[in-house]
Amino acid sequence: MSDPVAHRATRSPSDRPSWTVILGTIAFVLTVPGTVVVLAPYWLTGWRAGPPLFGTRLTRWLGGVLFLVGLPVFVDFVVRFVREGLGTPAPIAPTRHLVVGGPYRLVRNPGYLAVLALLIGQALVLGRTSLLVYAAAVAVGFHAFVVLYEEPTLRRTFGTEFEAYSRTTPRWIPRLSWGRRALEDRGRGSAS
């Protein structure tokens, strides 16, 4: 079985992301996640808070925690696509390398999970069921996109490297530990 992170050892020091990749990623983030995570919730709620969901202010705190956990995972997802994958999250400018470091060692889709955490966090902080319904619809859309487009494309592009990765890393429910492979990678000095 091939090691999905083995490509890191074979990169040359000049194998850096181009300005086109960096600017393309910024444009993608402002357009797609910016619309999904910022504009659509604003259109749905005006960012006006309703009464706490389930009749308890604890939901607002839980929402804040979800948002604060989701934000750095989202930022890491974007940075990894540029630095590790040498591409963008946009399907029209995909990565040249399979991205498997950091949170990708725990789950195959941390970027989508981060977006859902940001949406559910907003829904709980604002006390808005409309945002919970919206988050559920976004989750269904993400799943359909991953199963019908993204994973078949990754199989065609990265072949056995993606197959090995998908056998050891769950699609949606993160592993509770970094696992042996991650510890071995750290021992070899891989970035994570």
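The values are calculated or read from the model by the stated rules, or taken from the named source; none is laboratory data. Not measured: the values here are computed from a predicted model. Heads up, the Cβs are rebuilt from the backbone with ideal geometry, glycines too, and the neighbour counts pull from every protein chain shown.
Kindly evaluate Arg108 against the criterion of being buried (at least 21 other Cβ atoms within 10 Å of the Cβ) and among the basic types (Lys, Arg). Yes. Once region 111-129 is narrowed to residues that are of a type outside the set (A, V, I, L, M) and assigned to a helix (DSSP H, G or I), the residue that is surrounded by the fewest Cβ atoms within 10 Å (Cβ to Cβ) is Thr129.
In region 125-143, the residues that are under 16 Å from Gly70 (Cβ atoms) reach residues that are surrounded by 13 or more Cβ atoms within 10 Å (Cβ to Cβ) and of a type in the set (Phe, Trp, Tyr) with C-beta atoms within less than 6 angstrom, at least six apart or across chains, in these pairs: Phe142/Tyr112. Take the residues in region 51-105 that are buried (at least 16 other Cβ atoms within 10 Å of the Cβ), at pLDDT 90 or above and of a type in the set (Ser, Thr, Tyr); name whichever of them is nearest to Leu118 (Cα to Cα). Of everything passing the filter in region 51-105, Thr59 is nearest to Leu118 (Cα to Cα). Applying the selection to region 81-91, what residues are part of a helix (DSSP H, G or I) and touching a Ser or Thr at 6+ places or on another chain (Cβ under 9 Å)? Of everything in region 81-91, those that are part of a helix (DSSP H, G or I) and touching a Ser or Thr at 6+ places or on another chain (Cβ under 9 Å) turn out to be Phe81, Val82. Of all residues in region 42-80, those satisfying the criterion of being outside any helix (DSSP H, G or I) and in contact (Cβ under 8 Å) with a residue 24 or more places away in the chain are Trp47, Arg48, Ala49, Gly50, Pro51, Pro52. Ser14 meets each of the listed conditions (1) at pLDDT below 95; (2) assigned to a helix (DSSP H, G or I) apart from (2). Which of the residues that make up region 144-164 are among the aromatic types (Phe, Trp, Tyr) and without any contact (Cβ under 8 Å) to a residue 24 or more places away in the chain? The answer is Phe145, and nothing else.
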